[in-house]
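Readers should treat all values here as calculations from the given coordinates under stated rules, not as data from a laboratory. The structure displayed is predicted, hence computed values, not measured ones. In this analysis, Cβ positions are derived from the backbone assuming ideal geometry, glycine residues included, and neighbour counts consider all displayed protein chains.
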There are 2 protein chains.
Amino acid sequence: MAPKLMERVCFLLQVKPDRLDEYKARHREVWPEMLNALRETGWRNYSLFLRHDGLLVGYLETDGLAQSLRGMASKDINVRWQREMAGYFANLDTRRPDEGFLRLEEVFHLD
Amino acid sequence: MAPKLMERVCFLLQVKPDRLDEYKARHREVWPEMLNALRETGWRNYSLFLRHDGLLVGYLETDGLAQSLRGMASKDINVRWQREMAGYFANLDTRRPDEGFLRLEEVFHLD
């Protein structure tokens, strides 16, 4: 068998600067069903980091980002979670947060 | 023994927008001695990601960032590498790149 290709994904979103405390509080209590859905769809070693002005950096590892995103898109719990999160983000227009992020290019990696 | 505390570190730097191609090329050929020094001082699963405007995101795992930074600061190879890298970054003043980065706050993690 060919070895599995693991993708390291880094993405950015912009949290509204006046809602940072709320955003952080929500992420200390992510719904257990939401965490299960992420696990089931292959989101691994997934962290979110926040700059004081609301720039949000996501990092995760997956065997395929497209598949992990499609997997989550099909979960009711994610639709509900994204609906509640949408108000925290700037510049999303009508997209959900998981549709509106900017993926960055990996330029270096050391295991 | 208490379990080791692993830190996940996310940091930002700003690469000069007119030097992105060079910066990327240098990171396709990081000196093997520099890679060894990183490994020896506990930098693990270390990636760099770049936005089109030069915003650079670093992600790494370590048993102690302060110790890993001190370890690298004591390595000649790192002093040479940081000296060559300094010209690629904006807003460093007289600091080395590994002294001038902004660490972000982790607000969520899922293993």
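The table for this structure:
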item	result
Wholly enclosed helices (runs of 4 or more DSSP H) of segment B:1-75 bearing at least 1 residues in contact with a strand residue (DSSP E or B) (Cβ under 9 Å, 6 or more places away or on another chain) and over 18 Å from B:Gly87 (Cα atoms)	B:32-40, B:65-73
Residues (of a type in the set (D, E, K, R), within 10 Å of chain A (Cβ to nearest Cβ) and in contact (Cβ under 8 Å) with a residue 24 or more places away in the chain) located in segment B:19-50	B:Lys24, B:Arg26
Selection count, segment A:27-49, where residues are of a type in the set (S, T, N, Q) and farther than 15 Å from A:Leu65 by Cβ	2
Segment B:72-93 residues that are within 11 Å of B:Ala37 (Cα to Cα) and touching a residue at least 24 places away in the same chain (Cβ under 8 Å), paired with ones that are among the polar types (S, T, N, Q) and outside any helix (DSSP H, G or I) (beta carbon under 7 Å, 6 or more apart)	B:Met72/B:Thr41
Extreme residue, surrounded by the fewest Cβ atoms within 10 Å (Cβ to Cβ), among residues of segment B:92-111 that are in a loop (DSSP other than H, G, I, E, B) and not charged (D, E, K, R)	B:Thr94
Members of segment A:55-78 found to be under 19 Å from B:Tyr59 (Cβ atoms) and either buried (at least 20 other Cβ atoms within 10 Å of the Cβ) or touching a helix residue (DSSP H, G or I) at 6+ places or on another chain (Cβ under 6 Å) (or both), listed by number	A:Leu56, A:Val57, A:Gly58, A:Tyr59, A:Leu60, A:Thr62, A:Ser68
Qualifying position, being within 26 Å of A:Leu102 (Cβ to Cβ), of a type in the set (Phe, Trp, Tyr) and either buried (at least 18 other Cβ atoms within 10 Å of the Cβ) or touching a Phe, Trp or Tyr at 6+ places or on another chain (Cβ under 8 Å) (or both), among B:Trp43, B:Trp81	B:Trp43
